[in-house]
1. Go through the residues of segment 280-296 one by one and say whether even a single one is within 24 Å of GLN121 (Cα to Cα), acidic (Asp, Glu), in a helix (DSSP H, G or I) and in contact with a helix residue (DSSP H, G or I) (Cβ under 7 Å, 6 or more places away or on another chain).
2. Taking segment 168-187 as the region of interest, how many residues are out of contact with any His (no Cβ under 9 Å at 6 or more places or on another chain) and polar (S, T, N, Q)?
3. Of all residues in segment 242-276, how many are in a strand (DSSP E or B), within 30 Å of PRO92 (Cβ to Cβ) and not charged (D, E, K, R)?
4. Filter the helices (runs of 4 or more DSSP H) completely within segment 1-118 down to those with at least 1 residues that are touching a Ser or Thr at 6+ places or on another chain (Cβ under 7 Å) and either at pLDDT 95 or above or of a type in the set (Gly, Ala, Ser) (or both).
5. Which numbered condition trips up THR246, out of (1) over 30 Å from ASN163 (Cβ atoms); (2) surrounded by fewer than 21 Cβ atoms within 10 Å (Cβ to Cβ); (3) polar (S, T, N, Q)?
6. Can you tell me how many residues within segment 172-202 are touching a helix residue (DSSP H, G or I) at 6+ places or on another chain (Cβ under 9 Å), crowded, with 23+ Cβ neighbours inside 10 Å and in contact (Cβ under 8 Å) with a residue 40 or more places away in the chain?
7. Residue under question is VAL222, and the condition is that it be more than 29 Å from VAL71 (Cβ to Cβ) and in contact with a strand residue (DSSP E or B) (Cβ under 7 Å, 6 or more places away or on another chain); does it hold?
Amino acid sequence: MTSASLRAPRTLALSVLAGLASMAGGALAQQQGGYPTKPIQLIAQQPPGSGSDAMTRVWADCAARELGQAVVVQNKPGANGILAINYLKSQPADGYSLLSIGMSQMTITPYVYKQPPYDPQHDFDGVAVLGTSPLVLTVPPGMGIASLADLQKLARSTPGGINFGSPGKGSPAHLLTSALVDKLGVPGTHVPFVGEGAGLTALMGQQIHAMTLVIGTAAAQVKAGKLVPLALFGAQRSALLPDVPTIAEALPAASDLARPAWIAVVAKSGTSPELLNRLNAVTEKCRGGDAQYKSRLEAMNVTLTTSTPGDARTWAARDAAVWRPLIDKLGLATE
């Protein structure tokens, strides 16, 4: 047997081993740094033009720059996020389908149904909490309402009380306004819309009496003279609307309603911790070093927050401990 024929099997074996090592190394690289290898879909649970949608798109733009892959926003509004959540749950837990989700969907919406449609503590894995934003109770001009006392007087003199809108059943706007109407001791009827924009249009057209809006949405309309702000659901006044009293200033008995909204990005439960950490690191890089990301969110009066993947569940549990007893007290849970 020649030396060449002896070397052939050895060369073949080394080649196979090298191939296996290459495959293993490629798999490891995929787990650690190869993700993403294709576009990511980011599901928005509110329609285009809403404050939530705008925040979602800011994160998508920055994440795409950092990841080197497109992050495509898919709007799936309806039932205050339930349609979007059900869609996420139908997708693989592979990090290629994410959802922007608010305090509403994480802490209120599931509990306004006697049979919760999903479980925030088990159906999602957190990526990051992006930031917080206060909410403002507003009314249209021309109704003679400049304070909560005026709104209370109108409700008492109107058969059936006031009609107030929200972006959907179970939204922070729904719960906060319902709680406020209860504290004012007046009758009121909730009118849910599909998204904030539809409710805003109805409000400015005086089809409803009042609506609680994200401050970024409200401020532009207030400054244009198209809305009148009555109270800010926050612990302190906002520089965006400095003359608007906090809810505690406007009605001391309602000081417990000073709770800002917040928005987070989550993945389907079962997504690998490596991918969650990767996406969280991207979010932190956007928050800490991307001027465009920071300026766009701050222009919407979003206060940016540092967070870990586990914070979405932690924040949800914290706020649900406040909202769930209030939902029970007001009898808001339905079939």
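The values are calculated or read from the model by the stated rules, or taken from the named source; none is laboratory data. These numbers come from a predicted model, not from an experiment. Heads up, the Cβs are rebuilt from the backbone with ideal geometry, glycines too, and the neighbour counts pull from every protein chain shown.
1. Filtering segment 280-296 down to residues within 24 Å of GLN121 (Cα to Cα) leaves 280-284.
Subsequent filtering for residues that are acidic (Asp, Glu) retains 284.
In the following step, the residues that additionally are in a helix (DSSP H, G or I) were identified as 284.
If we keep only those that are in contact with a helix residue (DSSP H, G or I) (Cβ under 7 Å, 6 or more places away or on another chain) as well, we get none.
Among the residues of segment 280-296, not one is within 24 Å of GLN121 (Cα to Cα), acidic (Asp, Glu), in a helix (DSSP H, G or I) and in contact with a helix residue (DSSP H, G or I) (Cβ under 7 Å, 6 or more places away or on another chain), which makes the answer no.
2. Count: 1.
3. Of all residues in segment 242-276, those in a strand (DSSP E or B) come to 246, 261-268.
Applying the additional criterion that residues be within 30 Å of PRO92 (Cβ to Cβ) yields 261-268.
Now drop any that are not not charged (D, E, K, R), which leaves 261-267.
Residues meeting the conditions: 7.
4. Numbers: elements: 3-29, 51-67, 82-89, 103-107.
By residue number, 51-67, 82-89, 103-107.
5. All conditions are met except number (1).
6. Selection size over segment 172-202: 8.
7. Values: more than 29 Å from VAL71 (Cβ to Cβ): yes; in contact with a strand residue (DSSP E or B) (Cβ under 7 Å, 6 or more places away or on another chain): yes.
Answer is yes for this residue.
This table checks each residue for (1) surrounded by fewer than 17 Cβ atoms within 10 Å (Cβ to Cβ); (2) of a type in the set (D, E, K, R).
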residue	(1), (2)
PHE233	no, no
ILE263	no, no
ALA267	no, no
ASN280	no, no
ARG287	no, yes
GLN292	yes, no
THR303	yes, no
PRO309	no, no
TRP315	no, no
